[in-house]
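Structure first, then comments.
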Amino acid sequence: MKNTFPFYLFLFGLGMYLTQAQNIITNTSDSLYNLSRDKDLPVNQRIEHINTAIQITDKSILKLKYLSYKAAIYGNNNKFANAIAVSQNLFNEAQKVNDTFYMAKANYKLGLNYKHQHIYDSSYYYFHLANRNFSQIKDSLNWSKSLNNLGYLNYINGNYYNTEKQSVDALKIVPENNKKFKYQLHMQLGISSRELQDYDSATTWYLMALKNSQTSIDSSNTYNSLGVKEQYLGNHSQAIHYFNKALLIETNNTSNQLRIRSNKTYSEGILNNEMAISDLVALSQKRFNNNDLLGSYSSTIQLVKLLQFQNKNNEAISYAQKAYTLAIRINSAEAKIESLGYLIDLKSINNTEARQFKHLVDSIAKARINLRTTFDKIQFQTENKEKENLQLKADNTEQELLTKEAKTRNWLLAFGLLALCVSAFFIWRRYKSEAKAKIQIEKLQREFHHRLKNDFRSINSFISLVQKQFPNTEFEERLNELKNRVTSMFKVHEMLLKEDDITQIKSHPYLFELAQNVEDKYKDSNITLLCSVDKTETILADKAIPFGIVLNEFVTNSYKYAFDENGGEITIDFKSDKDNHQLTLKDNGKGLPKDFDIDNLRSLGMSIIPMFADLHNGSYQLDGSNGVCLILTLPKKIA
């Protein structure tokens, strides 16, 4: 026993030494880690400290922690390629020890750094993986952050419906006490609802964001967003009210103050403030002097819109050209398209700029289609895998039920009652699901109408571009007629977005605005437009376009051919019963020539009347003996 005592004493001493050595290593690596967190140090020194900490630690959990922070140092200092490389290394190390948390963190960091580099397909892929990882380990904060980033990527790709869905999903799981992140989600929901022209929802989200704002900048940004939303609605007095609130709160951030003042000044200009033009010029210059080129561009675009509103087109052209120059400097394709679009509207664009406009529009459209296809593919692959897992679970459940049924035949009646209850439950669930699907379909339809409206507006811009290149008067008149026809279709989609029921639109504003559009082109004060349409009348959406185009052709022909220098009247009436819509158009002009035959016309004009009547199983009556009277009747449903 005496001979073994020194041996045991030696083992005890060795154990104490190794434990102490281990503690020294851990303390040293932690000290180096803390040094790397000192943001006053140069980046290369911080990286040196964290690298040493990684090398000397022998604990896998500490190594993962240090690698994660190393990726953060690179990312926060805009060294995104380095951050991506370290994040990939972090994922590999976490995978070796099967650490799901750090695998999820690595995927999140990869998504974040690819987003900063504008590589959105890779960013979406890694955020999608991070979303699944964090949901598996029930990390609600990081799970909701992943959903928020997926929503943002859908937003910049114009898929506002998916942005809303993913942001709402994130709100459901974000920790209740995390007001800062809830504020970000509410703001993102407000902006996406505004883009979908769901202004009531946008207001609700912004007010919720206001309740969760943590700083004066948060509050002023929210009031500014409420003001911008009111500008979209044309409520400039209310917009100014919100901008004033934002300015009262924001007293320190110069850049933010200038942005809010610029928005406020634009609304004041719309309300005829004489100083608005000069104030916007000064604000644009101040933002430029502060190296805020994007802000200077925004103020300049507001200046263009205000000058165009005041019919000061020559000045508007000058500032639109300045905006295009700024767009080139900030290298923003969207800004280039916007400024060139105003130059097209103002008929001041050369062939090179026109080709640039078309190239940019085509490039962005193609990029968005490709990106959406990639997003959908990632979503499909994940959902397909989840469906397979659910099916496997369902198959196992079914087998268990069959086995239990074979063993418990005496409980057949009880199982029957249970099955009846389950059936009732699923019927109820299906009813709730269909109600939810109806709301989602309606949102998708609104987004569809929103995109069609923008497409028709782009077509009108291209027609304006062609008009500039071919100054022939007769050709310009033909193109104006074509623009009016496109406007007939554009107005339908524009008005549908404002209606609660997107299957129909109000007849009076639609028909009268189309007629006024023709009136504005001819500017003949001796000709009077009379609209006797009842303001409660509505037109089904699929019948609005044929009625609009026919009205456009009739009123155009009346202005061109029906009257002499003494002028006259054009009357519009519209009525409906339970089966049919009926449009009546009259003028008290010269009437039709004796040899007029609507079935043998060479021009497009009036020949579309029998075409639409036949296409929609309707009928028409045309009388040219005392002025011209046209009655077009279309059934509400095609037989």
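Please calculate how many Å² of accessible area segment 105-146 carries per residue, with a 1.4 Å probe and no DNA, RNA or ligand atoms counted. Walk me through the numbers before you get to the answer.
Working: 1760 Å² over 42 residues.
Counting only protein heavy atoms, the per-residue value for segment 105-146 is 42 Å².
Which of rounded, prolate, oblate describes segment 198-302, given a ≥ b ≥ c as roots of the alpha-carbon gyration tensor eigenvalues and a/c under 1.5 marking rounded, otherwise prolate only if a/b is larger than b/c? It would help to have the intermediate numbers written out before the result.
On the way: a/c = 2.05, a/b = 1.29, b/c = 1.58.
Judged from the Cα gyration tensor, segment 198-302 comes out oblate (a/c at least 1.5, b/c at or above a/b).
Under a 1.4 Å probe, what is the accessible area of segment 543-634 per residue, stated in Å²?
Values: 4650 Å² over 92 residues.
Counting only protein heavy atoms, the per-residue value for segment 543-634 is 51 Å².
So how far apart, in nm, are the two label points at N78 and S60 if each is 7 Å from Cα heading toward Cβ?
So the two model labels end up 3.8 nm from each other.
I'd like to compare 158-169, 576-587: which one has the highest average count of other Cβ atoms within 10 Å, and what's the full order after that?
Values: 158-169: 21.2, 576-587: 16.9.
Top of the packing list down: 158-169, 576-587.
Please work out the C-alpha center-to-center distance from segment 500-558 to segment 168-194 and express it in whole Å.
43
Rounded if a/c is under 1.5, else prolate if a/b beats b/c, else oblate: with a ≥ b ≥ c from the C-alpha gyration tensor eigenvalues square-rooted, which is segment 64-139? List each step's numbers first, then the result.
Details: a/c = 2.07, a/b = 1.22, b/c = 1.69.
Oblate.
Can you classify segment 278-343 as rounded, prolate or oblate using the Cα gyration tensor, where a ≥ b ≥ c are the square roots of its eigenvalues, rounded means a/c under 1.5, and otherwise it's prolate if a/b beats b/c and oblate if not?
Numbers: a/c = 2.37, a/b = 1.17, b/c = 2.02.
Verdict is oblate for segment 278-343.
Where nothing but the Cβ of Lys and Arg (+1) and of Asp and Glu (-1) is charged, how large is the charge dipole of segment 226-285 around its Cα centre, in debye to the nearest 20? Working shown, then result.
On the way: 5 positive and 5 negative charges, 38 e Å.
Dipole magnitude for segment 226-285 comes out near 180 debye.
So what is the accessible area of segment 501-540 per residue, in Å², with the probe set to 1.4 Å? Walk me through the numbers on the way to the answer.
Numbers: 2090 Å² over 40 residues.
That works out to 52 Å² for each residue.
Go through 271-282, 235-246 and give me the packing order, highest mean Cβ count within 10 Å leading.
Ranked from most to least packed, the peptides come out as 235-246, 271-282.
Along the Cα→Cβ direction, 7 angstrom out, place labels at D38 and S332. What is the inter-label distance in nm?
4.0
Past the 20 Å Cα-Cα mark, which pairs from K180/K211; K70/K115; K229/K336; K245/K322? Don't jump to the answer; show the numbers that get you there.
Details: K180/K211 10 Å; K70/K115 18 Å; K229/K336 23 Å; K245/K322 31 Å.
Table pairs above 20 Å Cα-Cα are K229/K336; K245/K322.
Relative contact order, percent, of segment 201-266 when contacts are C-alpha pairs under 8 Å separated by at least 6 residues? Intermediate values should be presented prior to the final figure.
Working: 63 pairs, mean separation 19.0, N = 66.
It comes to 29 percent, rounded to a whole number.
Quick one: net charge around S144, please, counting Lys, Arg +1 and Asp, Glu -1 for every other residue with C-beta under 11 Å from its C-beta.
Details: positive: K145, K172, K182; negative: D139, D169.
Summing Lys and Arg as +1 and Asp and Glu as -1 gives +1.
Using a 1.4 angstrom probe on heavy atoms only, work out the carbon and sulfur share of the accessible area of segment 170-247 in %.
Details: 1600 of 3320 Å².
Carbon plus sulfur share of accessible area: 48 percent.
Quantify, in whole percent, the carbon and sulfur part of the accessible surface of segment 51-130 (1.4 Å probe; protein heavy atoms only). Could the numbers behind the result be given before it?
Details: 1660 of 3610 Å².
Percent of accessible area from carbon and sulfur atoms in segment 51-130: 46.
Tell me, what is the percent relative contact order of segment 143-200, built from C-alpha pairs under 8 Å that lie six or more residues apart?
Values: 55 pairs, mean separation 20.7, N = 58.
RCO, segment 143-200: 36 percent.
Pop a pseudo-label 7 angstrom from the Cα along the beta-carbon direction at both L540 and M275 and give the gap in nm to one decimal.
5.7
The values are calculated or read from the model by the stated rules, or taken from the named source; none is laboratory data. Quick caveat, the model's predicted, so the values are computed rather than measured. Cβ atoms come from the backbone with ideal geometry, glycine included; neighbour counts cover every protein chain shown. For the accessible areas, the whole protein counts, side chains as well, though only heavy atoms, and no ligand, DNA or RNA atoms are used. Shrake-Rupley method; radii C 1.70, N 1.55, O 1.52, S 1.80 Å.
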